[in-house]
There are 2 protein chains.
Amino acid sequence: MPNDLFSASLSDKHNNEEGAVFAPRFDASGLVTTVVTDASDGQLLMVAHMNADALKLTLETGIAHYWSRSRKSLWKKGETSGNLQTVVEMRTDCDQDALWLKVTVAGDGPTCHTGRRSCFYRQIVTTNGTSSLVMQLETK
Amino acid sequence: MPNDLFSASLSDKHNNEEGAVFAPRFDASGLVTTVVTDASDGQLLMVAHMNADALKLTLETGIAHYWSRSRKSLWKKGETSGNLQTVVEMRTDCDQDALWLKVTVAGDGPTCHTGRRSCFYRQIVTTNGTSSLVMQLETK
């Protein structure tokens, strides 16, 4: 779905990695992985996915939209909770198959559906070849 | 490939989100998305993918291993360049379909194959409905 907001993916590696054309590489499911951090302090908030429609809406409105893989539907993050994400800055990576959004979260601030600020609230701790999850304070 | 380092994915949502069992949800391609930040300052370095073998090796050795989707092979990041990633902390998210590694990068520090510290060196700038990519200093 090329448009003025982004192009079809580029076949030339140099252009893709060093050029000025935004040409995201959607995967076989039509999705691009998106890392979301808090613009105020860099805290990793969540990892989500965008399809072309979600990306277009995000670029047009400045409010983060994703594709919900579980619900199989477009997802305006925070539409129900009020915790909308305003995009402060958006980046892509070298091969343009991942996006990074720095956002400001509206309202009382939780990003995770569990009510926590970040989805990454558990540390993986491995001792003597056995792993378990431990709840952690959120730090960068 | 369940083992003592991680379990098969959990069907119970509460256990999956609040429990202590590390049970990553690999996608249809057998991969889990992994966000990699620098443990020293929180800089987002890269987004990669792990299959079960890469995850097991990472947990066993404390050195980050990934699955290279382009090369279709196990990838000990930095094996050629010397810029190995030592895992300082590892987390999973609420539904355990994403991982977060905080790492220390060995050697002269670049993570991106282009020689840059981070793969996210281009900002997406949208003006009057048209997007382009602009090189940026790396900031959180």
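All of the numbers you see were taken from the coordinates with simple rules; none came from a lab. Given the structure is predicted, the values throughout are model-derived calculations rather than measurements. No Cβ is skipped: glycine too gets one built from the backbone with ideal geometry, and neighbour counts run over all protein chains shown.
Scanning region A:124-139 for residues being on the phi < 0 side of the Ramachandran plot and surrounded by fewer than 18 Cβ atoms within 10 Å (Cβ to Cβ) gives a total of 10. B:ASP108 passes every criterion in (1) at the interface with chain A (Cβ under 9 Å from one of its Cβ atoms); (2) of a type outside the set (Lys, Arg); (3) surrounded by fewer than 17 Cβ atoms within 10 Å (Cβ to Cβ) apart from (1). Residue count for region B:33-69 satisfying the condition of being hydrophobic (A, V, I, L, M, F, W, C), in contact (Cβ under 8 Å) with a residue 40 or more places away in the chain and surrounded by fewer than 24 Cβ atoms within 10 Å (Cβ to Cβ): 4. The set of residues from region A:1-25 being closer than 20 Å to A:VAL88 by Cβ and either at the interface with chain B (Cβ under 7 Å from one of its Cβ atoms) or of a type in the set (Gly, Ala, Ser) (or both) comprises A:LEU5, A:PHE6, A:PHE22. Here region A:70-83 is the region considered, the condition is being touching a residue at least 12 places away in the same chain (Cβ under 8 Å) and not small (Gly, Ala, Ser), and the residue that is surrounded by the most Cβ atoms within 10 Å (Cβ to Cβ) is A:LYS77. Annotation note: Cβ proximity below 9 Å between a residue of region B:120-133 that is within 7 Å of chain A (Cβ to nearest Cβ) and under 14 Å from A:ALA98 (Cα atoms) and a residue that is charged (D, E, K, R) and assigned to a loop (DSSP other than H, G, I, E, B) (sequence gap 6+ or interchain) occurs for B:PHE120/A:ASP93; B:PHE120/B:GLU138; B:ARG122/A:ASP93. Looking across region A:43-90, the residues that are of a type in the set (Lys, Arg) and within 23 Å of B:ALA28 (Cα to Cα) come down to A:ARG69, A:ARG71, A:LYS72. Within region A:81-99, being within 9 Å of chain B (Cβ to nearest Cβ) and not in a loop (DSSP other than H, G, I, E, B) holds for A:GLU89, A:MET90, A:ARG91, A:THR92, A:ALA98, A:LEU99. Would you call A:LEU5 in contact with a Ser or Thr (Cβ under 7 Å, 6 or more places away or on another chain) and assigned to a loop (DSSP other than H, G, I, E, B)? Yes: the conditions hold for A:LEU5.
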